[in-house]
Amino acid sequence: MSTNDAIRVRRVYEPPEPADGARVLVDRLWPRGLSKEDALLTEWCKDAAPSSELRRWYRHEGERFERFAERYREELAQETAQRALGRLRELAAKGPLTLLTATKEVSAGHVTVLLDVLREGA
């Protein structure tokens with residue numbers, strides 16, 4: 001199984017599944033209303049998430065997504081984020097990896113950009 005096939009995205013509020021493999025939260029903020037026990041996380045990788053400033057600027061406004069994605073990719077090129085990406089790639093190399101987010105619209109969220117970046121570097 002390649003890294004491309006081994007990574008998937010789900011909402012953190014969905015019940016865990018055996019196919020999840022390593023479950024990693026990739027949001028900067030802890031999800032509202034979810035206990036750490038119920039999340040059943042392998043790790044919480046805050047450094048792979050967009051900065052608070054970028055997240056507040058974006059506000060999930062669809063017309064800003066393209067610019068948001070560009071700015072987020074710039075942040076992912078920074079040293080701290082590169083270490084986080086390396087850790088996510090390590091987990092994916094060992095087996096299935098599920099990137100978890102609290103974002104309601106996953107397709108318009110940072111996790112789709114993160115998934116693309118991980119797959120590009122695979």
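Here, each number is a calculation from the coordinates, and none is a lab measurement. Not measured: the values here are computed from a predicted model. Using ideal geometry, Cβ is built from the backbone for each residue, glycine included, and neighbour counts are taken over all protein chains shown.
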Cα-centred dipole magnitude for the chain, charges only on beta-carbon of K, R (+1) and D, E (-1), debye, nearest 20 = 200 debye
Relative contact order for the chain using alpha-carbon pairs under 8 Å, separation at least 6, rounded to a whole percent?
-> 44 percent
Could I have the simple spin-label model distance between Glu120 and Leu34, label points 7 Å from Cα toward Cβ, reported in nm to one decimal?
-> 2.6 nm
In whole Å and largest first, what semi-axes does the C-alpha gyration tensor of the stretch 16-72 yield when each eigenvalue is scaled by 5 and square-rooted?
-> 26, 13, 11
Reported label for calculated Kirkwood radius over Cα pairs in Å given (1) 16.3; (2) 15.5; (3) 14.5 | (3)
